[in-house]
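Enquirer: Dropping a structure here in C-alpha cells format, bear with me for questions.
Computed from the coordinates by the stated procedures, all read-outs in this text should not be read as laboratory data. These figures come from a predicted structure and were not determined experimentally. A quick note on method: Cβ atoms are made from the backbone with ideal geometry, for glycine too, and the neighbour counts reach across all protein chains shown.
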Amino acid sequence: MCAIAGILFKNGKRRNLRMTTGKALTEMLDATLHRGPDSAGWALYREPLADEWRLRFFVGEGEKGGEDIRLIQMQLEAAGARILRGHKEGCTYGVVIGYAGDLLALTRTMERVCKPVSMGRSLDIIKDVGQPRSLADRYAITEFDGTHGIAHIRLATESGVHPDTSHPFWASGFADVATVHNGQITNYWIMRRRLERQGMTFQTENDTELVAVYLAYRMSEGASLEDALESSVEDLDGTFSYLVATRDSIGYAKDPLAAKPLVVYENDELIAVSSEEVGLNRLFPGQSLETSEPPPGTFGLWKRND
Amino acid sequence: MATIDLSKMSIRTANEVIKGHGANHRDVEIINPDAKHYIAVGLSNPIRMRIRGSAGYFCGGLSDGPIIEVDKNVSWGVGDNMLAGSIVVGGNAGAIAGEALRGGEIVIRGNMGSRAGQVMKKGTLCCCGHSSFMAGYMMYGGRMVILGNSGQKVGEDMAGGEIFVGGRIDSLGHDAMVCDPAPEDLEFLREFLDRYGIDFRGGFRKVVCAGKGLRYGAPEPRSVRIPFPVFSGPDAEAWNARTREDIRVKSATGRYRIRGYGAARHMPHFGDLAFKADPTRIGHDAGALSRVNLRTFVGGKHGGRALDLSMPVLIAPMSYGAVSGRMKAALGMASRLSGICENTGEGGMYSVERAEAQQLIAQCLSGRLGWNIHDMKRSDAIELYISQGAKPGLGGQLMASKLTAEIAEMRGIPAGMDLRSPSRHPDVLGGDDLIMKINEFREAVGWRLPVGLKLGAGRTRDDIKIALKDGLDFVELDGLQGGTGAGASEVLEYVGIPTLAAIMEATDGLEEIDARGQLPIVLMGGIQNGVDAAKAIALGATAVGLGTSMLIAAGCIGCMQCSTGRCPVGIATQDPHLVEKFDVESKAVRMHRYLESIRWQLAAVVHGLGYSEVGQLNRDDLVALTPEAAAMTRLPYAPEVREQLLRSLPESGDFHRTDSETGSAGFNRKARTLIHSMSRATLEDGDLQRRMLAELLSPRENPFPDERPGQLDDLVFLSAALTRLVIDPYREACSTRTRISRTEGIGRLPDGAASVEMEQPFLFTGFDESPEPVRKAVAMALAATSCGYVGRRALPNAGNGHPSEGNPGRCSWFQLVLPEDEPSPEADGLIYCFHGNGGPRRPVRLRSDQLLGVAVSSGSFPAAVPHALAEKLDMILLDGTRGIHRPWVELDAPPDWTLIRDALRLLRELRREEEIPLIHFGGMRSGTDAAKILALNGQACVFGVAAGLALGGAIKDGTLRFDPKGSPGEMSRALVNWIQSTSQETAIIARCTGKTRVHNLEPEDMRSISVAASLAFDIPLASGQNRREAF
C-alpha cells in the first residue's frame, strides 16, 4: 500500500538531471503521494567511509532523547567502538564510529538497548511519520547528492504508523543493504517464525522488514544478492514489487501476479524507478519518456559502472 | 482549439473545463500533462482532444464518445469502461489498457502492459507493439489486435471475443485456443489498420475461448432441506445427515458445492445482547414515532450530496439476475414508500428499478458488468464492491439458468454461461490503487456523489483504516451471516467473521487511529428487525442494511435453492412461469409494512431508552447475555438480565410454531414467523406491534452453552480484502502440493533425508479389512489423485502405469506398525503405533529412503514428541481417536482436538516448529477441515469415515458397511470426485485468505466464534483479540 522510488547514477556523470539525488527521490515520492500519505523514508548511499561505520538509531523526544543517546554511546563503547562524531536529527541519532569487530555482533548488542535504523559504510536511512517534502526539509534530504538511493511512502495497513514501521528497512546486521516494498506478504508469520528460529530478529510487525530480514538471512547463508532475489519470488507469498539497494547497486523483484506497479526509465546516465510514470515525469517535466515495466515473477539488479 | 496547461491547473478543474468545451463542441489541447492521472475522465460528449506528452492512470476512462490522441505513453487503465469513441496512444500503455471496454477503439502504437482488455465486452483494442502477460484476461467480448508478440497466457479465461495476434503467441491462457481468422476477420483487420494508418503486412492467428470452462458439469443433485439442529447447536452429531449429504453430492459431481442464502450455523448475534433498560418501558408509548428523530444522512463527507434516509436503514445490494426484475421493481417501490435507499447490486442498473426507487446506489463490481458513465450519473451514490459477508474472496456467481438473454445483454456478456465474476477488480489491487479508482469515480461524476465501499468482514480492523484514509464516504460492512444468490457453500459457512464481531473490529480500527465516528458504517448480515438495528447502532453503526429479511418479507420460504434459478415464489429466479407468481405491488406493500414495523420498533427502543435521536444510542445501553457475545463486544456480561427479561416479558405464544425447523439457525422458524408478521402488521395495530416487540426483546437461548465442547466448526477464516490481495478461487492457481519430510532452515529438505511427495495434503485410512473391490477402488482413486494410504496392509497394487481396474496403479503407503506387526520394506513410510499394551518400540527404517514416524495420542504425546525429534523421525501422526488402527474408529467419539494444539505449543517452545511434519487423524470431513489443520501447522490430514462415505458406505451399528455388489470402477470414480472437490475446497479457502499455496495457511488466518473453541485451538475469538500494537 505504498509507492516506491529509486535512482542510480550509472557512471558518475549527471548532465541531464538538474536536481540533487535527494531532491529527485523526494519529488518522485511527492508525485505519487496519493498512494501513501502516512510516512516516508529514504535509504541514501553517502560517500563510503574507508575504516569507519555510519550508524543511525531511533531515539526519543526531548530529555528522553538525550538519555537514549547516552545509553547508545555507552553500549557502543562497551562493544569496543570508538565514537568519532554524532548528532541527533529528528527522531534519530546518527553517529560515525571506528569499529574493528563483526557488524552482525554489534547489531545484536545494540538491539538489546535500542532500535538501530541502519548501519554501513555508506548507507544512511532516514524515515519518519509525515509527508516527503516536509520531512525532506527537516532531515536535509535535498542536500544529499550521492550516487544512488531508494525511497518510500507508506499507507499503513497491517502495522502501525510509527517512524520504525516506516520504510526503508535495513537488512539488520548486514552493512549497506536496504529495502523498500509495495504490497503484502501473506505468509508473513510462517516466514517470520522460520527466520526467527534461525536466530534472525524483528523490530516490528511490518512485512517489509520481513523482506529485508529474509534477504539478510539468505546472504548470511552465502547466497548472492541475485540468488536471494530469485528465491524470494518463490518463498514469499502475496503481492510485491520491492527494491533492494546495496553499496553499488539497486535490485528489484516482482511477484508472479504483477499486482504492484514498477515503472523504469533509463538513459545513458541514470536509472530511475517509480511506482508510477507520473513520478518519473517529475524528474523531467514537460518531456515524453521512454519507460518500461519489468514482467511478473522476475527479478534483476542494476549496478553502477564506476 | 482551447489549450489547457496542466502545470498550471489542477486535474479536477481541468476536467470540468474539458467537459464545458465538450458541451460546446470545441477541441482541446493539453500541454504539460506529465503523466498526470484521470485526464479526460467521465466525458459524455463527443470531443476531440490532443494530449501533448504522457497521460497517467485512466486516461479517457468512464466516457462515451471522446476522440483522444496521446502523443506519448499512458499509465494503467487507458479507456477504462469507454462506451464509444477513439483513443490513440503514440507510445506505450501500462497495465490493463482498455479494461472493461464496452465500445469504441483504442490504438496503442507502442507496447502494452499486462492484463490488457481485462473484462472487456465490446469495441476494439489494438496494440502495434508487444503485449505483456494475460492479454484478454477474462474478456467477455470485443476484439483485440496485437501486431507484435502476445505475451504469456494470452486469452486467459476469456469467455468471448477475439484476439488477433500478428507476432508470436508466447503461450495460451487457460481455456483459450488458436484458430485461423475467417475472411471477414481479415477484411475487418485490413480496414481497421488502414483507417489508423498502420502498415502491417504479416498474417494473423486468432485466439478465442475454447469453451471448456464456461459451464459447470452435471448439476448438483437437488438437496432436501435439513433442519439446522441436525448440524448446528448442542445436539448436532459429527457424522450428521448434512455431512453425509455433502460427501454424497461431492462424490457425484467432483467439484465444490454451490448454494444460495447464507451461513446456516449458529453464530453469536444480536439476540445475545440486551438493552439495560426496563423492557416494559420500551414500546408502551404509542406515540414514540412522533417523539424521536430517526432521519439519517449517509455519505456527505467529501462534498457529495449525502443519502437522506427517513430512518437508518438501507436495502442491501441484490442484483437483477440473482433476483427477478419484478422483485427489483418491488424493492424499488418499498424503498421509496419508506423513504430509504435501494441498491442495484451487480450487473448494472435496471431501468424499472431506477424509476421506482427514489434513492439508488449504483454498485460497481469486479466484472464491471453493465457498468457505464450514464448510469453512474443517474445514481444517488456509487459503491465499489470489494467483497461481501457471504462469500468474501469470491466474485458474484450467476448460473446459466438465471443468465437470460436480457440480463446478459444488460451486463454486456454472452448468455448461457455459468457466470463467475472475477474475485477482484482489474484496477483495485490494494489500498494504493483503491484511492485512484475512487478518484476516477469522483472525477467522472464531478465530485457530486458519495462514494462508498461494500466490504465483507474479515480483516476489518485493518481494512476499515484503509477505507478511511482513502477518503471513502461510507462503508457497507457485511458480516458472515450475509446472504447471497449463489456461492461456494464452504465459504458461506467458514470465511469471514460474524456481524457482531464485524462492527466491533470496525469501531476498534477507527478508534486506533483516533477516527471514531468519522466513517459512516452501514452494518448488514442477518439483521432482521428494529431491535437488531438499534443494537447495531448502539455498537457504532450509522445505519443497517437488510437483504435476506427483505426477501422473507416478500415471501421467500427459505428453501435455500436460490442458486438453481428454481425459486418457487418468483423472487430468486428468471423463469417466466415462476416470476409470474410474484405480484409486484402486493409484495412491495408487504416489504413496506415490514420496514414500517422496523421503524416503529426502532422508535420504541430509542424513546424507551429516554432518547430523542437515534444517534444517541450507545454502548452503555447494552449488556451481553452470553460469554461469546461479551468477549466479542467487550460489553458487560450480565446473565442475570436474561432472567429479568424472561420474567418481565410475557410470552405471547403467537410466534411459536411447531412445524419443522428451517435450514438456517439465523433465520429459524420463529424469526421467519416474526418477519412475516411484521410484513402484514400495520402501525394502527398497536397491540400486535407491542407483542412482536416483546418477542424481539426477549433473549434467545445460548447456542454455545458451557457444556458444549469447542469444535473445529467454530473456527472461521479471515479473508483477504483491502489489506491483502485475494487469489481468485475460480481461476488462479493455488498449489496443493505436499511433501512429507523433515525440514531445516527456512523450509528446505535436509541432505539425504527421506521424503514423499503428493499432489494433495491428504492421506486415507480404514480400508485394511474392507471387501477387496472396495480396496481396489481406493487404490485406484488414491493413485489417480496422488494421495497416500495409511494402514497395516498395503492396498492392492499392480505396479506402474495408468490406474485402471486391472491396474490400480500405486499410491504412497504409510505402514502402521503395531507391536505385533513386521515392518515392510515395500512401504514408503513406517508409522510405529504407541497404542495398546506393547509399549514403545524403537522405530527402525528398512531403507534409507523410507520415512519413519510415530503415531501418538494425547497419552503418549508428551514423551513421544521430544523422542521423535531426538531420533530425527520424519513425521508424527497425531491420532485424535482411540486408535487409528481400529476400523472406523472416528464413529466412536468426537476427536481429541487438543493434540494438534499441544503439538504446536510444544514444538514452538522447543523452537523446533516445522522441523517434523504433523499429520492429523480424527473427525476430518471436508476440504475446509483440512485447511484448518494446515493452518494449525499440520502438513497433511488423514481421512477415514469421510472416504468410506464417499465410496458409498453406510453407517450402521457404529461401523461402515459397503454395498457388496459395488463395482470398483464406480466406487473409485466416486472417491476421485470427492478427493477433487475436497482439494478444491482446501485451495479455495487458501485463496480467499490470499495464498497461492495451501501450505502458506497460518494460525493467524483464523478466528474462533466460540469461547470453547478459542481455548481448544489457541485461536483468538473474532474481534476479542487485544490490539496488536499501538497505533
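Enquirer: Can you work out ³J(HN,Hα) from phi for every residue in region B:772-784, in order, using Karplus 6.51 cos²θ - 1.76 cosθ + 1.60 and θ = phi - 60°, giving whole Hz and x for Gly and Pro?
Expert: 4, x, 5, 4, 5, 4, 5, 4, 5, 5, 5, 5, 5
Enquirer: Evaluate E = 1/(1 + (r/R0)^6) for B:ARG748 and A:ARG247, where r is the Cβ-Cβ distance and R0 equals 30 Å; express this FRET efficiency to the nearest 0.05.
Expert: That gives a FRET efficiency of 0.55.
Enquirer: For B:SER10, A:SER172, what ranking results if the residue with the fewest other Cβ atoms within 10 Å of its Cβ goes first?
Expert: The fewest-first ordering by Cβ neighbours comes to B:SER10, A:SER172.
Enquirer: Separate question: For B:GLU822, project a label point 7 Å along Cα to C-beta. Then give me every residue of region B:775-796 with its amide nitrogen under 17 Å of that point.
Expert: Counting backbone N atoms under 17 Å from the label point, the list is B:792-794.
Enquirer: What's the longest bit of chain A with no exposed GluC sites (Glu not before Pro), using DSSP loop states and at most 15 other Cβ atoms within 10 Å as the test?
Expert: Maximal segment without exposed cleavage sites: A:62-220.
Enquirer: Oh, and also: If amide H atoms are built 1.01 Å from N in the plane of the peptide, which residues on other chains or at least 5 residues away come under 5 Å of the amide H of A:GLU276?
Expert: A:VAL263
Enquirer: Output the pairs from A:LYS254/B:LYS995; B:LYS328/B:LYS391; B:LYS212/B:LYS965; B:LYS391/B:LYS535; A:LYS260/B:LYS72; B:LYS250/B:LYS932 with a Cα-Cα distance over 26 Å in this structure; if there are none, say none.
Expert: Table pairs above 26 Å Cα-Cα are B:LYS212/B:LYS965.
Enquirer: Under a 5 Å amide H to amide H cut-off, with H placed in plane at 1.01 Å, what residues pair with B:ILE831 once short-range neighbours are removed?
Expert: HN-HN under 5 Å from B:ILE831: B:GLN815, B:LEU816, B:VAL817, B:GLY853.
Enquirer: Given the options A:GLY80, A:GLY286, A:GLY222, state which has the largest fluctuation in a GNM of chain A using a 10 Å cut-off (strictly under) for Cα springs.
Expert: A:GLY286
Enquirer: Shifting gears a bit: Which value in nm describes the separation of the simple spin-label points at B:ALA733 and A:THR298, placed 7 Å from the Cα toward the beta carbon?
Expert: Rounded to a tenth, the inter-label distance reads 1.9 nm.
Enquirer: Give the long-range amide H neighbours of A:GLY238: residues separated by 5 or more places, or on another chain, with amide H under 5 Å away, using H modelled in the peptide plane at 1.01 Å from N.
Expert: Result for A:GLY238 returns A:THR186, B:THR996.
Enquirer: Report the local net charge at B:ALA264: Lys and Arg +1, Asp and Glu -1, summed over other residues whose C-beta lies under 15 Å from its C-beta.
Expert: +1
Enquirer: In straight Cα distance, which lysines are under 21 Å from A:LYS10, not counting same-chain residues fewer than 8 positions off?
Expert: Hits, sequence-local ones excluded: A:LYS23, A:LYS303.
Enquirer: Using the structure shown, select from B:LYS8/B:LYS36; B:LYS19/B:LYS377; A:LYS127/B:LYS469; B:LYS377/B:LYS587; B:LYS454/B:LYS581 the pairs with a Cα to Cα distance greater than 23 angstrom.
Expert: B:LYS377/B:LYS587; B:LYS454/B:LYS581, as the Cα separations exceed 23 Å there.
Enquirer: Right, something else. Determine ³J(HN,Hα), in whole Hz, for all residues of region B:418-427 in sequence, where each value follows from phi through the Karplus function 6.51 cos²θ - 1.76 cosθ + 1.60 and θ = phi - 60°; x replaces Gly and Pro.
Expert: So the J values, rounded to whole Hz, are 7, 6, 10, 5, x, 6, 8, 6, x, 10.
Enquirer: Could you identify which residue out of A:GLN73, A:GLN184, A:GLN198 has the top mean-square fluctuation in a GNM of chain A using Cα springs shorter than 10 Å?
Expert: Among A:GLN73, A:GLN184, A:GLN198, the largest mean-square fluctuation in the Gaussian network model of chain A belongs to A:GLN198.
Enquirer: Using only the alpha-carbon atoms, how far is helix A:225-235 inclined from the longest principal axis of chain A? Give it as 0 to 90 degrees, nearest 10.
Expert: Tilt relative to chain A: about 80 degrees.
Enquirer: Separation between the A:ALA100 and B:LEU646 pseudo-spin-labels, each 7 Å from Cα along Cα→Cβ, expressed in nm?
Expert: Here the modelled spin labels are 8.1 nm apart.
Enquirer: Please identify every one of the trypsin sites (Lys or Arg not before Pro) in region B:945-1031 that sits in a loop by DSSP and has no more than 14 other beta carbons within 10 Å of its own beta carbon.
Expert: In loop regions of region B:945-1031 (DSSP not H, G, I, E or B), the sparsely surrounded trypsin sites (Lys or Arg not before Pro) are B:LYS965, B:ARG1027, B:ARG1028.
Enquirer: Could you please rank A:ARG82, B:ARG222, B:ARG52, placing first whichever residue has the fewest other Cβ atoms within 10 Å of its Cβ?
Expert: Final ranking by Cβ density, sparse to dense: B:ARG222, A:ARG82, B:ARG52.
Enquirer: Right, next: Between B:HIS174 and B:HIS656, how many nm apart are label points set 7 Å from Cα along the C-beta direction?
Expert: It works out to 5.2 nm between the two label points.
Enquirer: Right, another one. If you take each beta carbon of peptide A:289-295 and count the beta carbons of other chains within 10 angstrom, what is the mean?
Expert: Mean inter-chain Cβ contacts per residue within 10 Å come to 6.
Enquirer: Evaluate peptide A:273-283: per residue, the Cβ atoms of other protein chains within 10 Å of its Cβ; return the mean as an integer.
Expert: Taking the mean over all residues of the peptide, I get 5.
Enquirer: Taking neighbour Cβ counts within 10 Å as the exposure measure, how do B:THR736, B:THR673 sort from fewest upward?
Expert: B:THR673, B:THR736
Enquirer: Using θ = phi - 60° and the Karplus form 6.51 cos²θ - 1.76 cosθ + 1.60, what ³J(HN,Hα) does each residue of region A:69-86 get, whole Hz, x for Gly and Pro?
Expert: Karplus values, whole Hz, x for Gly and Pro: 5, 4, 5, 4, 4, 4, 5, 4, 5, 4, 7, x, 8, 9, 7, 8, 7, x.
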